[in-house]
1. If we keep just the residues of the stretch 140-152 that are touching a strand residue (DSSP E or B) at 6+ places or on another chain (Cβ under 6 Å) and within 20 Å of residue 201 (Cα to Cα), which is surrounded by the fewest Cβ atoms within 10 Å (Cβ to Cβ)?
2. Might you check whether a residue that is in contact with a helix residue (DSSP H, G or I) (Cβ under 7 Å, 6 or more places away or on another chain), touching a residue at least 24 places away in the same chain (Cβ under 8 Å) and over 19 Å from residue 248 (Cα atoms) occurs anywhere in the stretch 26-47?
3. Looking only at the stretch 276-296, how many residues end up being over 26 Å from residue 164 (Cβ atoms) and not in a loop (DSSP other than H, G, I, E, B)?
4. In contact with a helix residue (DSSP H, G or I) (Cβ under 9 Å, 6 or more places away or on another chain) and at pLDDT 95 or above: is that true of residue 383 in this structure?
5. Can you report the number of residues in the stretch 353-380 which are modelled with pLDDT under 95 and closer than 15 Å to residue 267 by Cβ?
6. Is it the case that residue 270 is farther than 25 Å from residue 109 by Cβ and part of a helix (DSSP H, G or I)?
7. Do you know which residues across the stretch 355-371 are in contact with a helix residue (DSSP H, G or I) (Cβ under 9 Å, 6 or more places away or on another chain), crowded, with 17+ Cβ neighbours inside 10 Å and outside any strand (DSSP E or B)?
8. From 80, 91, grab the single residue that is in contact with a strand residue (DSSP E or B) (Cβ under 6 Å, 6 or more places away or on another chain), assigned by TED's automatic domain parsing to the domain that holds residue 178, at pLDDT 95 or above and closer than 23 Å to residue 126 by Cβ.
């Protein structure tokens, strides 16, 4: 494979290994917890991650998946975990010490929110400032002498807000702070945080990378010296390792990631345009729409594909919102995202998360993950649901 190979080719061939035992084209699943230790006097690091000793330290399927992710993103190294939340903790714990200060996206995944609002401050004396990271000057104003990490989630979950990774990385590096970016909403195809200056890139592989709704996983990508700490602390000694079978499943899903992201993005744009022009819709945020508040930044940072995540709301009361959900037949009411099928979840106006979101979201809204279905079929399902809930006569 050449260095100039396309992302589609890299997704298929990057990180693959030859099976020299039986000649299998697809990587076998190595369901073993132990590996033979050399008896020729070769020094062995029992807790190391550079050789196969024990599956918590390193396993073959994990290595293949890590290599494929590095090939796809250009990262020097990668660590994979049992879930996206384990990957997040795998960044926060190694790089934050008692008394350190972290700046965190106000709009972020619920587990990130809880870690930084409760567990890290209360248990480990980490100082935290939540800011709207789509406002770069607000990030700058929050910097303190003891700031050690700026954690950005972009596109933000669930609002799809876009933060300027390049600008934030420059200001962080000026004070020797690290920048971690949770880019789960974009997948590692629509945006390349490491190339934009971030130190660490995080994904819940459960979502777009796996793409089939049948496996949990998380990953951290970045420079070798940073990943060495992540692996030693979070992987080996905290034990959040990804199983060989789940690593195999995710590596299988990764092969079609470029094709899936193109379909997710194209269908999402068509659905977002439909919603934007529908009289029953109160608002819609999608980075591919000209009306998105950070549209210019999305054009700059994303690669002409804007993923499959839409935030929107409809007019009407809570009963009509529930009727809308109940009337959907193609779209499934479920909390995850990035699956082959379209998923939707409703944040009602009583949710304790809403005060942290932009004002337009605070009356409640839907987080809509567009799947791989035909756009016209999704639109027809939405149209039927609009009619059923009686918002538009």
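1. Here is the first cut: in the stretch 140-152, the ones touching a strand residue (DSSP E or B) at 6+ places or on another chain (Cβ under 6 Å) are 142, 144, 146-147, 149-152.
Imposing the further condition that a residue be within 20 Å of residue 201 (Cα to Cα) reduces the set to 147, 149-152.
On the way: 147: 20, 149: 22, 150: 30, 151: 26, 152: 26.
Restricting to residues being touching a strand residue (DSSP E or B) at 6+ places or on another chain (Cβ under 6 Å) and within 20 Å of residue 201 (Cα to Cα), the top hit is 147.
2. Kept after step one, since they are in contact with a helix residue (DSSP H, G or I) (Cβ under 7 Å, 6 or more places away or on another chain), are these residues of the stretch 26-47: 27, 29-31, 47.
Those still in the list that are touching a residue at least 24 places away in the same chain (Cβ under 8 Å) too: 27, 29-31, 47.
When the remaining residues are screened for being over 19 Å from residue 248 (Cα atoms), the result is 47.
Yes - at least one qualifying residue is present in the stretch 26-47.
3. 2
4. On the way: in contact with a helix residue (DSSP H, G or I) (Cβ under 9 Å, 6 or more places away or on another chain): yes; at pLDDT 95 or above: yes.
Yes; evaluated as a whole, the condition is true for this residue.
5. Matching residues across the stretch 353-380 total 0.
6. Details: farther than 25 Å from residue 109 by Cβ: yes; part of a helix (DSSP H, G or I): yes.
Criteria met by residue 270.
7. Filtering the stretch 355-371 down to residues in contact with a helix residue (DSSP H, G or I) (Cβ under 9 Å, 6 or more places away or on another chain) leaves 356, 361-366, 368-371.
When the remaining residues are screened for being crowded, with 17+ Cβ neighbours inside 10 Å, the result is 356, 361, 364-366, 368-371.
Of everything in the stretch 355-371, those that are in contact with a helix residue (DSSP H, G or I) (Cβ under 9 Å, 6 or more places away or on another chain), crowded, with 17+ Cβ neighbours inside 10 Å and outside any strand (DSSP E or B) turn out to be 356, 361, 364, 370, 371.
8. On the way: 80 fails: closer than 23 Å to residue 126 by Cβ.
After ruling out the rest, the residue left standing is 91.
The values are calculated or read from the model by the stated rules, or taken from the named source; none is laboratory data. Given the structure is predicted, the values throughout are model-derived calculations rather than measurements. All Cβ positions, glycine included, derive from the backbone under ideal geometry; neighbour counts span all protein chains shown.
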